[in-house]
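Derivation of every value follows stated rules applied to the coordinates shown; laboratory data play no part. All values reported here derive from a predicted model rather than from experimental measurement. We place every Cβ from the backbone using ideal geometry, glycine too, and count neighbours over all the protein chains shown.
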Amino acid sequence: MKEEDSKVESSHQLILYIEKDDQTYGPVQTGSYMVKNYLDDFFAKKARLQTIRLEELKAGKISPLAYYKDLVEIGEGDLACRVGISRRKLRFQMTPKGFSRTSVALLERYATVFGIPVAQLFQVILCEEEGLAIHNEQTALPSVIISRISVRDRQASELRT
C-alpha cells in the first residue's frame, strides 16, 4: 500500500506500516477505513438481527438460548464446547421444548458464556431510551448479577456516529 492510499479521515486512529513516498517502509498514523465506511452498516445489521430474533422468540419459534447465541455472535460448535454438551443437544435446547427441559445448572453455564444473569434467560430486557445503557455487575454468587441503568458512555455513543 502506498502512503497516499493509506490516508483516511476518521476519529479512530491506527498505525499502518506502508511504503512511503521516498520508497522506504515505515509507520504512518491514519484513520480506520473499516470504521469510516462499514461501522454504521454493522450496527444496523446487528439491530435488524436482534429485532428478527426477538420476533421469533415472541412467536415461540426459538428459545432464549438461540436468541442470545445470535446476539453474542457465537457459533454452535463453540457454544456447545464452552457449555460442555454435544451440538445435537444444543440444537434441541435452542427449541422451546428443549429449553423447558434444560436444568438450571446447565442454564447457569449458558448464562456465563453469554455474559448475562440466569434470570435474563427467562426475560429479555431492552433499553429503548436513547442515551441509556444497562450494565450488569457480577457478585460473589455466580448466578446473581446486579443490573444498573445509566447514561450511556459518550465514547461508546460516538463510535456509532
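Test of the criteria: in region 83-127, which chymotrypsin sites (Phe, Trp or Tyr not before Pro) are in a DSSP loop and have at most 14 other Cβ atoms within 10 angstrom of their Cβ? If you can, show how the numbers build up before the last one.
Details: sites: PHE92, PHE99, TYR110, PHE114, PHE122; in loops: PHE122.
Those satisfying the criteria are PHE122.
Under a Cβ-only charge scheme (Lys and Arg +1, Asp and Glu -1), can you give me the dipole magnitude of region 38-115 about the Cα centre, in debye to the nearest 20? Show your work: numbers first, answer last.
Numbers: 15 positive and 9 negative charges, 89 e Å.
My answer is approximately 420 debye.
Give me ARG87, ARG148 sorted ascending by neighbouring Cβ count inside 10 Å, so fewest comes first.
On the way: ARG87 13, ARG148 9.
Going from least to most buried by this count: ARG148, ARG87.
Per residue of region 115-129, in order, report the coupling 6.51 cos²θ - 1.76 cosθ + 1.60 (Karplus, θ = phi - 60°) as ³J(HN,Hα) in whole Hz, putting x for Gly and Pro.
Going residue by residue, I get x, 10, x, 4, 4, 6, 6, 9, 8, 10, 9, 10, 10, 9, 7 Hz, with x marking Gly and Pro.
Considering Cα pairs under 8 angstrom that are at least six residues apart, work out the relative contact order of region 84-154 and quote it in whole percent.
Numbers: 54 pairs, mean separation 13.9, N = 71.
In percent, rounded to a whole number, it is 20.
Beyond 18 Å between alpha-carbons counts as too far, so tell me which of LYS58/LYS89; LYS58/LYS97; LYS46/LYS97; LYS45/LYS89; LYS36/LYS69 fall in that bin.
Numbers: LYS58/LYS89 22 Å; LYS58/LYS97 14 Å; LYS46/LYS97 27 Å; LYS45/LYS89 29 Å; LYS36/LYS69 28 Å.
Violating the 18 Å limit, Cα to Cα: LYS58/LYS89; LYS46/LYS97; LYS45/LYS89; LYS36/LYS69.
I need the GluC sites (Glu not before Pro) found in region 83-129, filtered to DSSP loop residues with at most 13 other beta carbons within 10 Å of theirs.
Values: sites: GLU108, GLU128, GLU129; in loops: GLU128, GLU129.
Passing sites in region 83-129 are GLU128, GLU129.
Pairs of Cα atoms under 8 Å, at least six residues apart: use those to get the relative contact order of region 35-159, whole percent. Before the final figure, lay out the partial values.
On the way: 107 pairs, mean separation 19.8, N = 125.
This gives 16 percent for region 35-159.
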